Amino acid sequence: MLSAQSLALIDREVAKYPADQKRSAVMGALRIALEERRSTGETPEARCLNQEVIEFVANYLEIPPVAAYEVATFYNMYDMKPVGKYKITVCTNLPCALRGGVNAAEYISHKLGIAIGETSSDGMYTLLEGECMGACGDAPVLLVNNHSMCSFMTSEAIDKKLAELK
Amino acid sequence: MLEIEIDGKKLTVPQGSTVMDAAHSVGTYIPHFCYHKKLSIAANCRMCLVEVEKAPKPLPACATPVTDGMKVHTHSDMAKKAQAGVMEFLLINHPLDCPICDQGGECQLQDLAVGYGNSASRYQEEKRVVVGKDMGPLVSAEEMSRCIHCTRCVRFTEEIGGFQEIGMANRSEFSEILPFLGKTVDSEISGNVIDLCPVGALTSKPFRYSTRAWELSRRKSVSPHDGLGANLIVQVKGNQVMRVLPLENEEINECWIADRDRFSYEGLNSAERLQKPMIKHDGKWHEADWQTALEYVVKGLNGVSRDHGKDAIGVLASPHSTTEELFLAQKLARSFGVNNVDYRLRRSDFRADAAQQGALWLGSSIVDLASAKSVLVVGSTQRQEQPLLASRLRQAVKKGSELNVIHVADDALLTKLNAKLIVSPLALVNALAQVLKAVVAIKSGESAIDLAAVSVSAEAQRIAESLCGAESASVVLGNVAQHHPAFSELLSLAQEIARLSGARFGVLAEAANSVGAELVGAVPTRGVFGAAVSAGLDAQQMIAAPRKAYVLLNSEVEFDSYNPQAAVAAMKSAETVIALTAFKAEGLLDYADVLLPIAPFSETAGSFVNMEGRLQTFNGVVRPLGEARPAWKVLRVLGNMLGISGFEYTSVEEVRAEWQGKGDIAPSLNNVLASVSANVQPAATALVRVGEVPLYQADAICRRASSLQATRAAAVPVAHAAQSVLDAAGVQSGAVVVLKQGDGQVRVALEADATLPAGVVRLATAHPTTIALGGMFDPIEIKQG
């Protein structure tokens, strides 16, 4: 189900906790599983977590599948729905909104031709609204694929960024 | 000890108590939903908010530890306002569909809303809707919008059930309770979540919408299934059992019951119930009146005894019968001159009979077993044989007890094991002997059993160290050990281990009244309370050397016997088979000649003696169905008609007084054998069967409980074996093969199973698809399908 490389990474997570508390590694393990699916998945459906992957991770950690499912559905960075190759999350919380966050989201929406929460028909982009990313001073901010944070996203900066994300 | 004042009442409580504990100890009720005394503290419903002096805000009583000098007000303005506020929030998303809700009338939310809420709602907006879930045939989760997210069900499956089968997915407004996608809730004690659910979200699938809670009368009873003797509340309407709930008894079942206890009542109302006596003439069954049927029975018994002698008659009684029934059955048989009486149909080794000095029992109370610091369970498919006891042992492990297992399969016990030895049934004696040898070495003792041929494995050493090192320890033999062809040797070894290590030892009684049957002499070698009797044949001998007539009390030999093949053949060869039964069973219709309808436990007064030797009496909760009669009355009339004196009882209490008058229970319980012996040679390697009784095939009632039969545990059995066995037979996992024992064979899929030792094929017995086979732990052959 997962590559040897991912399993090695999960083993590293597991090693951080006492041997009889493997369940502590569930967040890291799900993150690694999602990362592998995002980087190898060819379609939006193959880039998100699904029942089989969650069950695999749970069995690997020797915890009940529903316990891993609880975690996967609790945190919104675990993609449980089909997602584009580039998941763009724009912060629209109040401080960002005051400094153009909403405008940035609308600009991207217009540019990609998708509404917030949608995935483009070619499966390249998913646009989401996000909660505070702790960088209000850099607003507007957006997050690409959970990991890469982009600050001061004016329309020009967005054009440049989208040009990179091909 | 800490001092606390609750609503002006001063009391002292031990360190670590919560405000909720303290309030309960003085009888002050604090409203709550998520709190449950047997579950961990979640403090997520917030209903138990109380005012604590010097605290700025109300605090949850269930999660607030008592501090010295604390002053708590449960009914102050602050507390009342907090409780009313919480109630308003809980009701925001609750559908308020009480009139069509199955929980209506016995709903904690309904009751507390009346007691602590406001009379009208201020909430005008839309309520959230949660789609129903499929949790299997027992628990209904159709109306999950009613859920208030107390997570009692989640905590129950995780903490008591041992495996978290239910979880709470998503968060905040989108949270919902669900089993893992596509899975059902399969725990053998899952029905308890219905009792735990404080609202109508989880309800009983077989019971729902059949009647209203206030139309039911509550009657006490005792579970007729496993040897635990769980206390029940049987709820009745219109002379029909509608539902079964647990009756709390901390010493036996705590506040739980197994699904078998809870849902088996459907069997009592099944269409297969025998309502009139029936007689077979020329291969056809005819209904008859009682007089005719009893005359037929008397004629048959007299005929066989005249033509072939009294020894040609055998009595096979089920240990699910009441003590009074078993007492009368053996009294009738022996007074008539028949010494062949036995209740141990699934036993295959009777060599211990000669050395037995009392009734076999648990060897301690259930509470003592659960609080022992070290327990060794030998040959027990625990979760199938004793679902509640298995759960109790899991709780014991959490409290620091060491659980050791010697078994024929590495079953998931959902708990941490100190040590385990998983061996073929042929090596079971040797495995236990290893432990004995290690105990002998640790204690520098001596054993009467020759252990020279035994080499101690590391796991056996660990088991021995655990037993010898613990301040209290128990060795118990489960059903697999009791049905095993070397039971007497296993019992001998357990006795020696117990003697040397200071542990207690005993057997986990297979059925509700196994101990009762031992006590009242439903065995061929001992009479009531061990009175001397002229010995008769045991169950195995009665089958091996077929009798001319059999009297069956609650027995269906094709499901209840060690070797169904031989048992059915013996029945078919008999001149007459007289069955006292509550059910028109297919097997009985085939081989019996007369069926006398008797009342199951719900329709007769009686008693069971559970595994710890506790006598529990009960009354019938409904009238007998149709023309069925309590078996004690049938046996009494048979006694009269056979012209035997001493059968002039007018009530079941008289019968009970008679057997009780012959001795006391406690001194008659004794597992110690007068002499011990065991052949501890490592066994020859051969392919043997591991044929346990499936969870819901153990007795006649649960075999006919339709909802239990729809569970995964009741699925048609599939054979399992280690990969090495499959390789040796040259079959792929999942292939259909022919399994052969004696003259019988069955076609069944054979799957690889890493939890089984080499040399074993595991295929359940006591199932319609496998009764063509032979002994439960006898050799078996695999042939290509």
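Of the residues in the stretch B:424-464, how many are at negative phi, of a type in the set (Gly, Ala, Ser) and not in a helix (DSSP H, G or I)? Full working, then the answer.
The first filter runs over the stretch B:424-464 and keeps only residues at negative phi, leaving B:424-443, B:445-464.
If we keep only those that are of a type in the set (Gly, Ala, Ser) as well, we get B:424, B:427, B:431, B:433, B:438, B:441, B:445, B:447-448, B:452-453, B:455, B:457-458, B:460, B:464.
This time we only want the ones that are not in a helix (DSSP H, G or I), so: B:424, B:445, B:447-448, B:452-453, B:455, B:457.
The total comes to 8.
Looking at this structure, is B:Gly643 surrounded by fewer than 24 Cβ atoms within 10 Å (Cβ to Cβ), within 21 Å of B:Ala312 (Cβ to Cβ) and more than 26 Å from the chain's Cα centre (by Cα)?
On the way: surrounded by fewer than 24 Cβ atoms within 10 Å (Cβ to Cβ): yes; within 21 Å of B:Ala312 (Cβ to Cβ): yes; more than 26 Å from the chain's Cα centre (by Cα): yes.
Answer is yes for this residue.
Got a sec? Which helices (runs of 4 or more DSSP H) wholly within the stretch B:562-671 have at least 3 residues that are among the acidic types (Asp, Glu)? Explain how you work it out, then say what you get.
Working: elements: B:564-573, B:586-591, B:631-641, B:652-660, B:665-668.
Result: B:652-660.
Would you mind telling me which numbered condition in (1) outside any helix (DSSP H, G or I); (2) buried (at least 18 other Cβ atoms within 10 Å of the Cβ); (3) within 17 Å of the chain's Cα centre (by Cα) A:Met153 fails?
(3)
Looking at B:Asp21, B:Asp77, which one is more than 25 Å from B:Ala213 (Cβ to Cβ) and either in contact with a strand residue (DSSP E or B) (Cβ under 7 Å, 6 or more places away or on another chain) or of a type in the set (Val, Ile, Thr) (or both)?
Numbers: B:Asp77 fails: either in contact with a strand residue (DSSP E or B) (Cβ under 7 Å, 6 or more places away or on another chain) or of a type in the set (Val, Ile, Thr) (or both).
Exactly one residue qualifies, and that residue is B:Asp21.
For the stretch A:110-134: of the residues being crowded, with 17+ Cβ neighbours inside 10 Å and of a type in the set (Gly, Ala, Ser), which is nearest to A:Val90 (Cα to Cα)?
Per the criteria, the residue is A:Gly130.
Does the stretch B:562-582 include one or more residues that are surrounded by 20 or more Cβ atoms within 10 Å (Cβ to Cβ), of a type in the set (A, V, I, L, M, F, W, C), in contact with a Ser or Thr (Cβ under 9 Å, 6 or more places away or on another chain) and more than 23 Å from B:Asp311 (Cα to Cα)?
There is no residue in the stretch B:562-582 that is surrounded by 20 or more Cβ atoms within 10 Å (Cβ to Cβ), of a type in the set (A, V, I, L, M, F, W, C), in contact with a Ser or Thr (Cβ under 9 Å, 6 or more places away or on another chain) and more than 23 Å from B:Asp311 (Cα to Cα).
Here is a check on your reading of the model: is A:Met80 free of Cβ contacts under 8 Å to residues at least 40 places away in the same chain and either under 27 Å from A:Glu131 (Cα atoms) or out of contact with any strand residue (DSSP E or B) (no Cβ under 9 Å at 6 or more places or on another chain) (or both)? Even if it seems obvious, please write down each step before you answer.
Values: free of Cβ contacts under 8 Å to residues at least 40 places away in the same chain: yes; either under 27 Å from A:Glu131 (Cα atoms) or out of contact with any strand residue (DSSP E or B) (no Cβ under 9 Å at 6 or more places or on another chain) (or both): yes.
So A:Met80 fits the description; yes.
One line per residue, one yes/no per condition, for (1) more than 10 Å from chain A (Cβ to nearest Cβ); (2) within 24 Å of the chain's Cα centre (by Cα):
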site	(1), (2)
B:Glu158	no, yes
B:Glu165	no, yes
B:Ala169	no, no
B:Gly182	no, no
B:Ile189	yes, yes
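Tell me the strands (runs of 3 or more DSSP E) entirely within the stretch B:725-773 that contain at least 1 residues that are touching a helix residue (DSSP H, G or I) at 6+ places or on another chain (Cβ under 9 Å) and farther than 15 Å from B:Ala409 by Cβ.
Values: elements: B:735-741, B:744-752, B:760-762.
Per the criteria, B:735-741, B:744-752.
Would you mind stating whether A:Leu143 is crowded, with 17+ Cβ neighbours inside 10 Å and under 30 Å from A:Ser24 (Cβ atoms)? Break it down stepwise before answering.
Working: crowded, with 17+ Cβ neighbours inside 10 Å: yes; under 30 Å from A:Ser24 (Cβ atoms): yes.
Yes: the conditions hold for A:Leu143.
A:Gly41 - would you say it is modelled with pLDDT under 95 and assigned by the TED database to the domain that holds A:Glu156?
Details: modelled with pLDDT under 95: yes; assigned by the TED database to the domain that holds A:Glu156: no.
Judged against the criteria, A:Gly41 is not a match.
Working carefully through the options B:Pro717, B:Pro757, find the one that is over 24 Å from B:Gln565 (Cα atoms) and either crowded, with 20+ Cβ neighbours inside 10 Å or modelled with pLDDT under 95 (or both). Show your work before the answer.
Numbers: B:Pro717 fails: over 24 Å from B:Gln565 (Cα atoms).
Only one candidate passes the filter, namely B:Pro757.
Among the residues of the stretch B:103-160, write down those that are among the hydroxyl-bearing types (Ser, Thr, Tyr), in a loop (DSSP other than H, G, I, E, B) and under 29 Å from B:Arg383 (Cβ atoms). Working first, answer last.
Of the stretch B:103-160, the ones among the hydroxyl-bearing types (Ser, Thr, Tyr) are B:116, B:119, B:121, B:123, B:140, B:145, B:151, B:157.
Subset that is in a loop (DSSP other than H, G, I, E, B): B:119, B:121, B:123, B:151.
Hit for the stretch B:103-160 is B:Thr151, nothing else.
Could you identify the single residue in B:Val154, B:Val114, B:Val129 that is within 14 Å of another protein chain (Cβ to nearest Cβ), free of Cβ contacts under 8 Å to residues at least 24 places away in the same chain and hydrophobic (A, V, I, L, M, F, W, C)?
On the way: B:Val114 fails: within 14 Å of another protein chain (Cβ to nearest Cβ); B:Val129 fails: within 14 Å of another protein chain (Cβ to nearest Cβ).
B:Val154 is the lone residue from the list that is within 14 Å of another protein chain (Cβ to nearest Cβ), free of Cβ contacts under 8 Å to residues at least 24 places away in the same chain and hydrophobic (A, V, I, L, M, F, W, C).
Considering only the stretch B:720-752, how many residues are surrounded by fewer than 17 Cβ atoms within 10 Å (Cβ to Cβ) and basic (Lys, Arg)?
1
Quick one: B:His32 ticks every box in (1) without any contact (Cβ under 8 Å) to a residue 40 or more places away in the chain; (2) within 20 Å of B:Cys255 (Cα to Cα); (3) part of a helix (DSSP H, G or I) bar one, so which box is it?
(3)
Quick one: how many residues across the stretch B:137-151 are within 14 Å of chain A (Cβ to nearest Cβ) and among the small types (Gly, Ala, Ser)?
Summing the residues that are within 14 Å of chain A (Cβ to nearest Cβ) and among the small types (Gly, Ala, Ser) in the stretch B:137-151 gives 1.
If I go through the stretch A:45-67 residue by residue, how many of them are more than 9 Å from chain B (Cβ to nearest Cβ) and more than 13 Å from A:Leu34 (Cα to Cα)?
4
Does B:Glu173 satisfy the condition of being among the acidic types (Asp, Glu) and either buried (at least 19 other Cβ atoms within 10 Å of the Cβ) or away from chain A (no Cβ under 14 Å) (or both)? Working first, answer last.
Details: among the acidic types (Asp, Glu): yes; either buried (at least 19 other Cβ atoms within 10 Å of the Cβ) or away from chain A (no Cβ under 14 Å) (or both): no.
So B:Glu173 fails the test.
Test each condition in (1) free of Cβ contacts under 8 Å to residues at least 12 places away in the same chain; (2) more than 14 Å from chain B (Cβ to nearest Cβ); (3) surrounded by 15 or more Cβ atoms within 10 Å (Cβ to Cβ); (4) not hydroxyl-bearing (Ser, Thr, Tyr) for A:Glu70 and report the one that comes out false.
The one condition A:Glu70 does not meet is (2).
Give B:Val515, B:Val557, B:Val568 a once-over and let me know the one that is under 26 Å from B:Tyr696 (Cα atoms) and over 25 Å from the mean Cα position of the chain (by Cα).
Values: B:Val515 fails: over 25 Å from the mean Cα position of the chain (by Cα); B:Val557 fails: over 25 Å from the mean Cα position of the chain (by Cα).
The match here is B:Val568.
Tell me whether the stretch A:115-135 contains one or more residues that are more than 22 Å from A:Ser3 (Cα to Cα) and within 14 Å of chain B (Cβ to nearest Cβ). Walk me through it before giving the result.
Taking the stretch A:115-135 and keeping what is more than 22 Å from A:Ser3 (Cα to Cα), we get A:115-135.
Checking which are within 14 Å of chain B (Cβ to nearest Cβ) leaves us with A:131.
Checking the stretch A:115-135: at least one residue is more than 22 Å from A:Ser3 (Cα to Cα) and within 14 Å of chain B (Cβ to nearest Cβ).
Residues that are at pLDDT 95 or above, buried (at least 20 other Cβ atoms within 10 Å of the Cβ) and part of a helix (DSSP H, G or I): does the stretch B:673-687 have at least one?
Scanning the stretch B:673-687 turns up no residue that is at pLDDT 95 or above, buried (at least 20 other Cβ atoms within 10 Å of the Cβ) and part of a helix (DSSP H, G or I).
Which residue, of B:Arg218, B:Arg212, B:Arg208, is without any contact (Cβ under 8 Å) to a residue 60 or more places away in the chain and away from every other protein chain (no Cβ under 14 Å)? Explain how you work it out, then say what you get.
Details: B:Arg212 fails: without any contact (Cβ under 8 Å) to a residue 60 or more places away in the chain; B:Arg208 fails: without any contact (Cβ under 8 Å) to a residue 60 or more places away in the chain.
Exactly one of B:Arg218, B:Arg212, B:Arg208 is without any contact (Cβ under 8 Å) to a residue 60 or more places away in the chain and away from every other protein chain (no Cβ under 14 Å), namely B:Arg218.
Do you know which of the residues in the stretch B:309-330 that are out of contact with any strand residue (DSSP E or B) (no Cβ under 8 Å at 6 or more places or on another chain) and crowded, with 24+ Cβ neighbours inside 10 Å is farthest from B:His484 (Cα to Cα)? Explain how you work it out, then say what you get.
First, pick out the residues of the stretch B:309-330 that are out of contact with any strand residue (DSSP E or B) (no Cβ under 8 Å at 6 or more places or on another chain): B:309-311, B:319-320, B:327-328.
When the remaining residues are screened for being crowded, with 24+ Cβ neighbours inside 10 Å, the result is B:319-320, B:327-328.
Values: B:Pro319: 18, B:His320: 20, B:Phe327: 27, B:Leu328: 29 Å.
Here the residue is B:Leu328.
The values are calculated or read from the model by the stated rules, or taken from the named source; none is laboratory data. Quick caveat: nothing in here was measured; it's all calculated off a predicted structure. Methodologically, a virtual Cβ is constructed for each residue, glycine included, from the backbone with ideal geometry; neighbour enumeration extends over all protein chains shown.
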